[in-house]
1. Of the listed values (1) 1.39; (2) 1.05; (3) 1.29, identify the label whose number matches Cα Rg over 2.2 N^0.38 Å calculated from this model.
2. What angle, in degrees between 0 and 90 and rounded to the nearest 10, separates the Cα long axis of helix 35-64 from the longest principal axis of the Cα atoms of the chain?
3. Taking the Cβ of GLY25 as the center, what net charge do the other residues with Cβ under 14 Å away carry, scoring Lys and Arg +1 and Asp and Glu -1?
4. So if we plug the beta-carbon distance of ALA22 and ALA54 into 1/(1 + (r/R0)^6) with R0 = 22 Å, what FRET efficiency do we get, rounded to 0.05?
5. Let me check against my output: what whole-number percent is the relative contact order of the chain, with C-alpha pairs under 8 Å and at least 6 apart?
6. For THR9 paired with THR37, estimate the spin-label separation in nm (one decimal), with each label point 7 Å from Cα along the Cα-to-Cβ line.
7. Quickly estimate the mean residue ellipticity at 222 nm for the chain, helices only: each DSSP H run with n ≥ 4 gives -39500 (n - 2.57), and the total goes over all residues, rounded to 500.
8. Output wanted: per-residue J couplings in Hz (rounded whole) for region 20-29, from phi through Karplus 6.51 cos²θ - 1.76 cosθ + 1.60, θ = phi - 60°, x for Gly and Pro.
Amino acid sequence: MVVAIVLLTIALVIVVALLAAAGGGKLARLDGATYPTAIIRAATVFAVVITFAATVTEVLAALFT
């Protein structure tokens, strides 16, 4: 049961990161950025969201153990 919850949480974080990256790329494109620049910004947003989720996980793990 715990494995299923962990896998669903990981899937949810990835989906949220992808949505944030798509939004970041779209906003960059609307701001007049070229396609390569918009893709770089989207990748940066994706990496930031994944890093933030890992940091929150690390802090919560430290608090609960």
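1. Entry (1).
2. Orientation of helix 35-64: about 20 degrees from the principal axis.
3. Combined, the nearby Lys, Arg, Asp and Glu give +2.
4. Result of the calculation: an efficiency of 0.60.
5. Numbers: 35 pairs, mean separation 21.7, N = 65.
So the answer I get is 33 percent.
6. If labels sit at THR9 and THR37, their model points lie 3.9 nm apart.
7. Result for the chain: -32500 deg cm²/dmol, rounded to the nearest 500.
8. 5, 5, 5, x, x, x, 5, 5, 5, 5
Readers should treat all values here as calculations from the given coordinates under stated rules, not as data from a laboratory. As the structure is a computational prediction, the values presented were derived from the model and not from experiment. Neighbour counts run over all protein chains shown; Cβ positions are idealised from the backbone, glycine included.
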